[in-house]
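Every number in this text was worked out from the coordinates using simple rules, so none of it is lab data. Since this is a predicted model, take the numbers as computed values, not measurements. Cβ placement follows ideal geometry from the backbone for every residue including glycine, while neighbour counts extend to all protein chains displayed.
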Amino acid sequence: MRIDFSPVLARLDYLLSGLSLTVMVSLAAIVLSFAIGVLVATSRISRYRTVRILAAGYIDLFRNTPFLVQLFFLYFGLPEIGIPTEPVTTGILALSLTAAAGNAEIVRSGIETVPRGVVEAGRSYGLSALQVYRYVILPIALRVAWRPLGNAFVNLVLTTSILSTITVNDLTGNANNISSETFKPFEVYLVVLVIYCAVTFTVSAVVNAVYALFFARMAERPVIRGQAA
Amino acid sequence: MIELSNVDKHYGSLQVLSNVSMHFADGEVTAILGPSGAGKSTLIRCINCLEAISGGDIVVNGKSVRDKRAVLDIQKQTSMVFQHFNLYPHLTALQNITLAPIKVLRKNKADVEAQARGLLDMVGLASKGDRHPAELSGGEQQRVGICRALAMNPQHLLLDEVTSAIDPEMTAEVLRVIEELAGTGTTLILVTHEIEFARRIADKVAFMEGGKLVAHSDAETFFNHQSEERISRFVDKMKH
């Protein structure tokens, strides 16, 4: 067998149009899953028992079922009860809902690291519970949660490839099409792997830049490179 | 003015305050002394509404801590400085000071910042307003903590062992700041183990033990004419 990239390069535009959809879906799902995640994490520590139970139920439901089945359930199942579905929006929704469950747990673990005394200080000067949460607890929690959240974002980008199973023409979807047209799976998927790598590296770089910009200075003990045991 | 009458506080079966009645007059400096676990910190935390009392009443300027609607008013009038600073780690020194005045007192941001800079200057930290707490020493953090409390323009300042978490060589600068506040009209209530400092600045001294108020008198009487041998022993021990 001869390795030949030319059939793939000839269809690069088509592949890149898939990439742009992947990027769009990823961005939308990252933003949505982050927002829902913070909301669910907040509900998880609510003073109202019912709210806490609902949030915990949501997290358990999504974290203990396979993504592919959730996706099929939403995409193929909902139309049966009269809710029409469309591949891209259903894909974004499914990704956001499932990633939000993970993000909620990450944010909650961040919230649990917020020193009690700092929260007390806020209360003692008369900040309302909401103000303490908004101006004190959440920013501190997000610093701790930010890097794990970055991992979750990378994971989310990679998981978008599964949306090709419900006919989304993302990077993977278009790669599948090219592969069956050209009979060059080795070349096609190698190129696609490199592209995914480039995308996730970019996501990590953005995550690190945001950390450096907003969170680095408040670190209690900055870890110095090369000082780990 | 703060009036405590028959205050009880317990956590489950653990009694931390037991029938405490006392009175803090406006502008007066009161030092609260006593061994660890005596209930000193709990007492001022109850005044600040950080802890709910189990019995009796605390009235701050005519408002009872038992009245939920009065809590915000009481907290505006009683500012707390904490043993472990409890600065907001994600905010700069300046932002630490201005957060509550902007959000709680709804003051103009520029005015509050000007006031905060003045306070930082007063405690010798004029150049460090944009530092985060992690970039400050313990003594510096505590001085920021004092500024944060003062920025609320409180009528009463509650100081909870403010030097006990600081290196000894750093305590002097914090005590100097507190000493300057004494006699400015702000009521100071300080829980402290710094006996010499208390002797120097306090008008009144309260002594607590086992959740009870054992003595409450003029500083002069307390230190120089102490009739309780137990207290004299404690004071002597703390001097060293």
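Laid out as a table, the results:
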| item | result |
| --- | --- |
| Tally, over segment B:96-142, of residues that are surrounded by fewer than 16 Cβ atoms within 10 Å (Cβ to Cβ) and not in a helix (DSSP H, G or I) | 6 |
| All positions within segment B:147-173 that are under 13 Å from the mean Cα position of the chain (by Cα) and aliphatic (A, V, I, L, M) | B:149, B:150, B:157, B:158, B:159, B:162 |
| Selected residue (criterion: farthest from residue B:76 (Cα to Cα)) from residues of segment A:122-135 that are of a type in the set (Gly, Ala, Ser) and either more than 9 Å from every other protein chain (Cβ to nearest Cβ) or free of Cβ contacts under 8 Å to residues at least 12 places away in the same chain (or both) | A:129 |
| Scan of segment B:168-182 for residues that are free of Cβ contacts under 8 Å to residues at least 24 places away in the same chain and closer than 15 Å to residue B:31 by Cβ, ordered by number | B:175, B:179 |
| Looking only at segment B:75-85, and only at residues there that are surrounded by fewer than 24 Cβ atoms within 10 Å (Cβ to Cβ) and within 9 Å of another protein chain (Cβ to nearest Cβ), the one that is nearest to the chain's Cα centre (by Cα) | B:83 |
| Positions within segment B:19-33 being surrounded by 24 or more Cβ atoms within 10 Å (Cβ to Cβ) and of a type in the set (Gly, Ala, Ser), in sequence order | B:31 |
| Yes/no for residue B:165 being more than 9 Å from chain A (Cβ to nearest Cβ) and either on the phi > 0 side of the Ramachandran plot or free of Cβ contacts under 8 Å to residues at least 24 places away in the same chain (or both) | no |
| Long-range neighbours under 6 Å by Cβ, at least six apart or interchain, first residue without any contact (Cβ under 8 Å) to a residue 40 or more places away in the chain within segment B:212-227, second exposed (fewer than 15 other Cβ atoms within 10 Å of the Cβ) and not in a loop (DSSP other than H, G, I, E, B) | B:226/B:232 |
| Spans of strands (runs of 3 or more DSSP E) in segment B:151-224 with at least 3 residues under 30 Å from residue B:105 (Cα atoms) | B:156-160, B:187-191 |
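This table checks each residue for (1) more than 9 Å from every other protein chain (Cβ to nearest Cβ); (2) in contact (Cβ under 8 Å) with a residue 24 or more places away in the chain.
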| site | (1), (2) |
| --- | --- |
| B:50 | no, yes |
| B:63 | yes, no |
| B:71 | no, no |
| B:87 | no, yes |
| B:91 | no, yes |
| B:97 | yes, yes |
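Yes/no per residue for (1) within 14 Å of chain B (Cβ to nearest Cβ); (2) farther than 22 Å from residue A:67 by Cα:
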position: A:137; (1), (2): yes, yes
position: A:145; (1), (2): yes, yes
position: A:152; (1), (2): no, no
position: A:162; (1), (2): no, no
position: A:173; (1), (2): no, no
position: A:183; (1), (2): no, yes
position: A:193; (1), (2): no, no
